[in-house]
Ligand code: GLU
């Protein structure tokens, strides 16, 4: 089982940081190409997010064998926001299994806003776990005897995905909590239909906490690489989710991950991905790499403008569309420096 820390990877990684590789050149070129792209707007529904510097731009790629390349503001932290949603869906699957989770949350894309107050009329389920209703229903499934235990479970899980301890930004959390009336309405509508438990106020607080976890683009790439690697964090060797559930997360990311652009994204870019209003995007090339991007200016649908451009270019350049009849020599992993042993 690869569930233990693999110290030699640390040494390997620090060597890789200095090693030249074609992929590092590509990432640097893409960063240069798009760093002056100024379209879109920083999210402003809470004052904390509006404070983001529109110039911030980080690109990170981490491979399943633990190599990484980063460019720009890859150490700049921001709140994960909706990028957290597939990972919390995964927590519910691990805790309660697929049948129970699917009795509470659908996996059907909808062409409505991420925060729409809509449930499936036939089943009373939220349509999918990538919209707020489904994400709040998923947060309801975070196990723990009380609120602190549930928060600890949440934070520890994200820590395993990132390979480092993570924390919640308390002022973003306070703002989300103070202004989250629409999410509260969604939560209580689901309570009315028995789709979530009685502790809905606590669950909403948990949802606001999960949105307020601080990450950087490197963390998102590690999280993506963990999914690409069958659920085992390639930097630490620690398992973050059972291998059998990884495809569940990737499926909903592929069909519903990019807000109302999800279908177009699946068609044009073809890489399972999730974005958030903080400007983060995680994308996963199964068996190869996780891609983490951060740039706070969003388009009208809520996706980071620069992050989308970078993903689209990477997909085209390396033939990453999951339905591409790819050839081995175009594999993105072959663009990294060779792994040396010893
Ligand atoms: N905290 C936000 C909300 O629930 C998340 C928005 C997002 O990233 O999509 O409205």
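Sorted on the mean count of surrounding Cβ atoms within 10 Å across their residues, most packed first, peptides 286-293, 137-144 read 286-293, 137-144.
Taking only Cα atoms, what is the 0 to 90° angle, nearest 10, from helix 170-179's long axis to the longest principal axis of the chain? Roughly 40 degrees, rounded to the nearest 10. Label positions at residue 198 and residue 32, each projected 7 Å from the Cα along the C-beta direction, are separated by 6.3 nm. Computed from label points 7 Å out along Cα-Cβ, the spacing between residue 116 and residue 267 is 1.8 nm. Relative to the longest principal axis of the Cα atoms of the chain, the long axis of helix 85-104 makes an angle of roughly 50 degrees. Across the chain, C-alpha contacts under 8 Å between residues 6 or more apart give a mean separation that, scaled by the residue count, equals a relative contact order of 26 percent. The angle between the Cα long axis of helix 181-192 and the longest principal axis of the Cα atoms of the chain comes to about 60 degrees, rounded to the nearest 10.
No value in this document is a laboratory result; all are computed from the given coordinates. This is a predicted model, so every value here is computed, not measured. Here the Cβ is made from the backbone with ideal geometry for all residues, glycine too, and neighbour counts use every protein chain on show.
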